[in-house]
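Shown next, in structure tokens, is the structure this report addresses.
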Amino acid sequence: MANCCDMKEGDVFVCEKCGLELSVKKPCTCSVDAPDTCCTVPLQCCGQEMTKK
């Protein structure tokens, strides 16, 4: 699951269905050490989760 806490600058995420690619230019401020502060919605496109390229 692609969640903002796991995304680092330079990572690329792709939709396996339509091929859309998203590149992380600036990571968010959520912290893996404080999971209650992380966004709870996974990165999705075409109704499915995007995967790290």
Spot the failing condition for residue 13; the list is (1) part of a loop (DSSP other than H, G, I, E, B); (2) surrounded by 13 or more Cβ atoms within 10 Å (Cβ to Cβ), and only one is missed. (1)
Qualifying positions in region 29-53 - in a loop (DSSP other than H, G, I, E, B), open to solvent by less than 80 Å² (accessible area, probe 1.4 Å) and more than 13 Å from residue 2 (Cα to Cα): 30, 31, 34, 46, 47
Quick test of your reading of the structure: residue 5 fulfils all but one of (1) part of a loop (DSSP other than H, G, I, E, B); (2) free of Cβ contacts under 8 Å to residues at least 40 places away in the same chain. Name the failing condition by number. (1)
Those residues of region 11-29 that are over 12 Å from the mean Cα position of the chain (by Cα) and at pLDDT below 85 come to a total of 1
Per-region count, region 1-10, residues surrounded by 15 or more Cβ atoms within 10 Å (Cβ to Cβ) and more than 9 Å from the chain's Cα centre (by Cα): 0
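The values are calculated or read from the model by the stated rules, or taken from the named source; none is laboratory data. Here the structure is a predicted model, which means the values were calculated and not measured. FYI the Cβ positions are ideal-geometry reconstructions off the backbone, even for glycines, and counts take in every protein chain you see. Heavy atoms of the whole protein, side chains included, go into the accessibility calculation; ligands, DNA and RNA do not. Shrake-Rupley method; radii C 1.70, N 1.55, O 1.52, S 1.80 Å.
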